[in-house]
Amino acid sequence: MSRLAGVRLVVLMAISFFVGLQFQSLRVLFRSSSYGATRLEHLAWAPEDMHVRNRKRNAKRRIQNAKVQKRNEMIDTGSEDNNSDELEEENSDEQEEEEEQSNEEPKRDKPLQTIDAIDENQEESLNKRAKRARPLSRFNAMNYTKDFPPLPWSLPEPSPLLHLSTAEFMQKYVAVKRNMNFSLPWEQAQDDYHATKLPLPIISLNFPKSATLTMRQYFKCGGVTSVHTSTQQGRIGICMMENMFADNPPLQHCDTSYNKEGKTKKIGFVSDIGLQGPPCFYSSIHDGGLEAIAKHYPTATILLVIRNSTSWHNSIKKWGVLLHRWKTVCKFDGSYHGEQVQYWNDMHEAENKADYWSNFYDAHTQKIREFAMKHLSLTYVEVQLEDPKMGEMLEYYTGIPSSCVMDCHPGPLWYKKTNATSKCHPPGELRVANAPRAAIKVHADDDDNEESENYDNNQNEYAEE
């Protein structure tokens with residue numbers, strides 16, 4: 001029996017313990033201020049004289065308030081001069097008391113804020129940030145999550161059209177247009193009401209690091225309302241993608257620019273219209289992108305600035321994580337869409353990556369050339385970036401002076417390294433701070449122009465002349 005009684009006693013003690021815990025939890029839950037005691041928990045470590053010091057500080061504040069009130073009353077009654085000596089004596093006595101207290105009491109850190117004070121400060125800080133923050137633009141990448149699936153894409157396998165130079169292809173393209181009785185805008189007289197001979201809109205399909213910013217500056221210089229990457233409504237690439245899904249004109253809702261006075265202008269030129277995501281979308285690569293342009297803008301202009309594909313790869317691999325995203329987000333390595341891009345998947349597995357991306361770039365040029373030959377109502381203009389006469393060719397096609405061609409450099413790092421005062425400068429010349437004009441040797445791989453990784457190791461190439 002004694003053993004059974006011991007077991008019962010242990011069980012009874014355990015039940016009493018857990019009941020006590022539950023009672024304590026309910027007591028805290030239904031208390032009028034469930035965390036009232038918690039507010040002062042941070043004072044548990046404090047020395048015993050802190051409460052005394054707090055009382056002294058409060059008393060001192062009450063005395064100061066009384067003095068301010070007394071002074072205000074004297075100003076109202078005009079008796080300030082008669083009592084100024086008395087006030088000065090009180091202030092001097094007060095200063096002596098403060099000095100004594102500072103000598104007696106060592107300096108301590110300020111007491112921690114209470115929970116209510118912290119919450120109020122955080123709320124005030126969030127409100128200030130909310131006032132400063134601008135609302136998200138309509139076409140914003142933040143509207144998409146990382147699980148947005150890669151879109152189907154395609155590039156052609158090599159054909160004889162790929163191996164033609166820019167001059168050879170444009171000669172063939174012009175001949176076909178003439179045989180089909182399509183007029184060539186650059187052979188027409190330019191009137192005074194249009195900034196360029198080319199029909200609008202002008203959609204530049206250049207890959208990144210292929211003079212996208214340079215072309216935007218060129219057409220802007222010529223008087224065409226031009227944008228690069230984004231409009232005031234958001235990213236151009238997202239705008240074109242969403243419009244393609246909805247079967248709307250590709251630039252709908254992102255083809256207008258407005259100034260501070262509220263005046264609007266129709267955008268005539270767009271460049272750098274792709275994005276590596278998420279979401280990832282390039283009109284010239286993803287299925288349906290080019291077809292949407294031809295369907296909704298049958299008389300528009302397609303501009304393509306190309307460069308040596310090896311030079312392009314050397315440039316693009318130093319530009320952030322773009323190639324990494326092309327592989328992991330866009331799946332441009334051919335690993336996602338099966339047989340449709342099996343050719344590119346096999347090439348990616350077999351060749352070194354430099355050769356793969358060079359072939360990828362060339363195939364992109366071939367695809368746009370094939371597209372231009374099939375849609376002759378469009379106007380197609382292609383120029384070669386390395387061509388010394390590129391400015392002259394642009395002036396011939398567009399009617400905009402070749403002097404508008406600039407070397408442009410995206411990215412803040414370039415500003416820091418060169419001490420430049422503008423993104424764009426005349427070829428071979430660079431305007432820098434604290435100097436009227438300086439000339440630099442342009443890096444061989446600095447077209448559009450990225451911050452070269454070799455800059456610090458090749459200071460002599462960027463030295464002022």
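The values are calculated or read from the model by the stated rules, or taken from the named source; none is laboratory data. Every value quoted in this text rests on a predicted model; they were computed, and no experiment measured them. We place every Cβ from the backbone using ideal geometry, glycine too, and count neighbours over all the protein chains shown. For the accessible areas, the whole protein counts, side chains as well, though only heavy atoms, and no ligand, DNA or RNA atoms are used. Shrake-Rupley method; radii C 1.70, N 1.55, O 1.52, S 1.80 Å.
Here are a few things to note about the model shown:
- Of all the criteria given as (1) modelled with pLDDT of 95 or more; (2) outside any strand (DSSP E or B); (3) touching a Leu at 6+ places or on another chain (Cβ under 7 Å), the one not satisfied by residue 410 is (1).
- Residue under evaluation residue 367, criteria (1) at pLDDT 90 or above; (2) more than 27 Å from residue 253 (Cα to Cα); (3) not in a helix (DSSP H, G or I), criterion not met: (3)
- The residue list 349, 382, 386 contains one member that is assigned to a helix (DSSP H, G or I) and either loosely packed, with under 14 Cβ neighbours inside 10 Å or modelled with pLDDT of 95 or more (or both), which is 349.
- Residue match in segment 208-226 (condition: closer than 30 Å to residue 358 by Cα, in contact with a Gly (Cβ under 9 Å, 6 or more places away or on another chain) and open to solvent by 20 Å² or more (accessible area, probe 1.4 Å)): no
- Of all residues in segment 258-287, those satisfying the criterion of being farther than 20 Å from residue 198 by Cα and open to solvent by 30 Å² or more (accessible area, probe 1.4 Å) are 258, 259, 260, 261, 262, 263, 264, 276, 278, 287.
- Residue within segment 247-255 that is touching a residue at least 12 places away in the same chain (Cβ under 8 Å) and under 19 Å from the mean Cα position of the chain (by Cα) present: yes
- Scanning segment 241-248 for any residue that is surrounded by 21 or more Cβ atoms within 10 Å (Cβ to Cβ), at pLDDT 95 or above, under 18 Å from residue 141 (Cβ atoms) and in contact with a helix residue (DSSP H, G or I) (Cβ under 7 Å, 6 or more places away or on another chain) turns up at least one such residue.
- Flag if residue 320 is of a type outside the set (D, E, K, R), in contact (Cβ under 8 Å) with a residue 40 or more places away in the chain and surrounded by fewer than 18 Cβ atoms within 10 Å (Cβ to Cβ): no
- Selection within segment 138-172 - touching a helix residue (DSSP H, G or I) at 6+ places or on another chain (Cβ under 6 Å) and without any contact (Cβ under 8 Å) to a residue 24 or more places away in the chain: none
- Condition met for residue 176 (closer than 28 Å to residue 264 by Cβ and β-branched (Val, Ile, Thr)): no
- Here the condition is being at pLDDT 95 or above and among the aliphatic types (A, V, I, L, M); of 227, 174, it holds for 174 alone.
- Figure legend. Inter-residue proximity from segment 323-350: first residues touching a residue at least 12 places away in the same chain (Cβ under 8 Å) and on the phi > 0 side of the Ramachandran plot, second residues assigned to a loop (DSSP other than H, G, I, E, B) and β-branched (Val, Ile, Thr), beta-carbon distance below 9 Å, spacing 6+ or different chains. No pairs are indicated.
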